[in-house]
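Undergrad: Have a look at this one.
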Amino acid sequence: KTLILAANNGVSSTGWVGVLQNLLQNRNSALEELDLYNNTVDEHGVAIIVDNLPHHNSFKNLCLGKNMSISKRGLLLLPDLLQNPNCSLLTLDVNENNIDDEVAASLARALGGNSTLETLYIDANEDITSTGWDAFYNVLWDKSSIANTFRSNHTLECLVDLRYDWENMDLLSSDLNSVLEMNQNEHKFEVARLKILHHHFLGGASVNIQEFVSMEWAVLPRAISWIGMDDSGHPLLYELVRGLPSLFEFGGEAKAVGAKRKRV
């Protein structure tokens, strides 16, 4: 289940192409983890991985760290792997591969369609500026609308390998660290709910109440209940009643019926 081939520098890039072809083209393999740290895998080896790994449903962990022969073109193939609907990776390690803002942003965008990857180890170095880190933050917590916040990535929990790179944690913003920590909750619907609540409704942001007007009546009570489950006493329900009183007004006939019932 686990194959460690780290630090085999006597194998050339061409040699790794042959190794990976033989290893990954066997669709019946039970392999779960492959460690290729500190080798000479290049973009051709990465292409083989991207093409074949999604056919291995049991595969969970891949380490490509410190393979300096991988060009930027090769690194930019990795988002195709993450976006593949059959990709089952939990961990992808591409640390020490000179990742810059362009590669970081590409990996971040790929996470928008990925619901399995929990750990992505990348270089916390000065080649990735706030532009690259912000790309991850925006895909983890898209604040442009309630729907987009719900569709954000709630799975990724770690970007930096704290075993070796803890001293560079300050390169990640506190906001990014905070949302990564939020994603560590195993109940992903709760993560989505908290992100929606924290951005769209706390602080009296009643303008977002209008998002609920177009909902079907059968869905609306459930949506209100789902959003309002917080420790401060269902603030959304309060804002909804205050912001849209017409939803709770009855016609004259209904009022009359209500009056009769009250007298009875």
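Undergrad: Can you pull out every residue in the stretch 61-88 that is under 18 Å from the mean Cα position of the chain (by Cα) and assigned to a strand (DSSP E or B)?
TA: Matches in the stretch 61-88: N61, L62.
Undergrad: For the stretch 38-60, what are the residues that are over 22 Å from the mean Cα position of the chain (by Cα), over 18 Å from V103 (Cβ atoms) and in a loop (DSSP other than H, G, I, E, B)?
TA: N38, N39, T40
Undergrad: Which residue is most open to solvent (accessible area, probe 1.4 Å), if the candidates are limited to the stretch 116-144 and must be modelled with pLDDT of 95 or more and polar (S, T, N, Q)?
TA: N138
Undergrad: Among the numbered criteria (1) closer than 27 Å to A135 by Cα; (2) in contact with a helix residue (DSSP H, G or I) (Cβ under 9 Å, 6 or more places away or on another chain), which one does V11 miss?
TA: Result: V11 passes all but (1).
Undergrad: Which one of these is touching a Phe, Trp or Tyr at 6+ places or on another chain (Cβ under 6 Å) and either more than 28 Å from D142 (Cβ to Cβ) or among the acidic types (D, E) (or both): D42, D93, D80, D35?
TA: D93
Undergrad: Also, quick follow-up: Of all residues in the stretch 194-207, which are open to solvent by 10 Å² or more (accessible area, probe 1.4 Å) and at pLDDT 85 or above?
TA: L194
Undergrad: Within the stretch 4-37, take every residue that is under 27 Å from the mean Cα position of the chain (by Cα) and either on the phi > 0 side of the Ramachandran plot or not in a loop (DSSP other than H, G, I, E, B) (or both) and give me the one that is surrounded by the fewest Cβ atoms within 10 Å (Cβ to Cβ).
TA: For the stretch 4-37, the residue satisfying everything is E33.
Undergrad: Mind listing whichever residues of the stretch 181-190 are in a helix (DSSP H, G or I) and closer than 10 Å to W141 by Cβ?
TA: Within the stretch 181-190, M182 is the sole residue that qualifies.
Undergrad: Residues of the stretch 145-161 being of a type outside the set (A, V, I, L, M), outside any strand (DSSP E or B) and modelled with pLDDT under 95, which ones?
TA: S145, N148, T149, F150, R151, D161
Undergrad: Further question: For the stretch 63-96, enumerate the residues that are over 16 Å from D42 (Cβ atoms) and surrounded by fewer than 20 Cβ atoms within 10 Å (Cβ to Cβ).
TA: Within the stretch 63-96, D80, Q83, N84, P85, N86, S88, L90, T91 meet the criteria.
Undergrad: Which number in (1) touching a helix residue (DSSP H, G or I) at 6+ places or on another chain (Cβ under 7 Å); (2) of a type outside the set (D, E); (3) open to solvent by 10 Å² or more (accessible area, probe 1.4 Å); (4) not in a helix (DSSP H, G or I) marks the one condition that I99 misses?
TA: The number of the failed condition is (3).
The values are calculated or read from the model by the stated rules, or taken from the named source; none is laboratory data. Being a predicted model, the structure only gives us computed values, none of them experimental. Cβ sites come from the backbone with ideal geometry, for glycine too, and all protein chains shown count toward neighbours. When the accessible area is computed, the model is the full protein with side chains, heavy atoms only, and any ligands, DNA or RNA have been set aside. Shrake-Rupley method; radii C 1.70, N 1.55, O 1.52, S 1.80 Å.
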